[in-house]
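Report on one structure; see the data block that follows.
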Amino acid sequence: MAGSVCAVRNVRNPVELAYTVMTKSDHVMLQGQGAVDFAKMHGIKMEPDEYFFSQFRYDQLKKKCRKR
C-alpha cells in the first residue's frame, strides 16, 4: 500500500492527506488541485496561506540566501 501527494497548497497536514489517499482511494499519488479537491471531499483540514508563514524561518532563509 502507498499514498502520496505533491504540489498541494493550504493543506494543514499533507501526511494525513497522503494517508487518506492510501486508505480511501485506488490512487497512489494525487497532485495539485485534484489532491486539494480530494482533501476537501474527505474533510482534511485546510488553512489560509498566513498559517504557514513564520517570520523567524523567513528571516533564516533571507540570511542563508545572502551568504551565497
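The values are calculated or read from the model by the stated rules, or taken from the named source; none is laboratory data. Computed from a predicted structure; not experimentally measured. No Cβ is skipped: glycine too gets one built from the backbone with ideal geometry, and neighbour counts run over all protein chains shown. With ligands, DNA and RNA removed, areas are computed over all heavy atoms of the protein, side chains included. Shrake-Rupley method; radii C 1.70, N 1.55, O 1.52, S 1.80 Å.
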Qualifying positions in segment 4-38 - within 21 Å of residue 52 (Cα to Cα), outside any loop (DSSP other than H, G, I, E, B) and β-branched (Val, Ile, Thr): 5, 11, 15, 36
Hits in segment 19-29 - residues which are in contact (Cβ under 8 Å) with a residue 24 or more places away in the chain and open to solvent by less than 30 Å² (accessible area, probe 1.4 Å): 20
Condition met for residue 15 (among the β-branched types (Val, Ile, Thr) and surrounded by 13 or more Cβ atoms within 10 Å (Cβ to Cβ)): no
Test: residue in segment 55-67 that is modelled with pLDDT of 95 or more and open to solvent by less than 50 Å² (accessible area, probe 1.4 Å): no
Residue selected from segment 30-51 under the condition open to solvent by 100 Å² or more (accessible area, probe 1.4 Å) and touching a residue at least 12 places away in the same chain (Cβ under 8 Å), by the criterion nearest to residue 1 (Cα to Cα): 31
